[in-house]
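Asks: One structure follows; several queries about it will come next.
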């Protein structure tokens, strides 16, 4: 019974990230997936893509994810 009352009167809490953060996070995850997929498709240990291109794409994806998580827009935060 009490769970129904709480469900109707939920307080509006701000989202953790902005839309920009979610877009950049999705881009970073996409880059990581593309990097590993390119390594898998080439299927050579000593290939050019596996040694040079994919690690750069994967690291840029990881850095993009870190930036998306750590970037905070100071203009939208409320001082409480």
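The values are calculated or read from the model by the stated rules, or taken from the named source; none is laboratory data. All figures in this text were calculated on a predicted structure; none of them were measured in a lab. Because the Cβ atoms are built from the backbone with ideal geometry, glycine has one as well, and the counts that use them run over all protein chains shown.
Asks: Conditions first: (1) at pLDDT 95 or above; (2) in a loop (DSSP other than H, G, I, E, B). Residue 73 passes all but one, so which condition is the exception?
Replies: Residue 73 satisfies every listed condition except (1).
Asks: Within the stretch 1-29, how many residues turn out to be exposed (fewer than 13 other Cβ atoms within 10 Å of the Cβ) and at pLDDT 95 or above?
Replies: Here the count works out to 1.
Asks: Right, another one. Which residue is farthest from residue 69 (Cα to Cα), if the candidates are limited to the stretch 30-53 and must be surrounded by 14 or more Cβ atoms within 10 Å (Cβ to Cβ) and more than 18 Å from the chain's Cα centre (by Cα)?
Replies: Among residues in the stretch 30-53 that are surrounded by 14 or more Cβ atoms within 10 Å (Cβ to Cβ) and more than 18 Å from the chain's Cα centre (by Cα), the one farthest from residue 69 (Cα to Cα) is 47.
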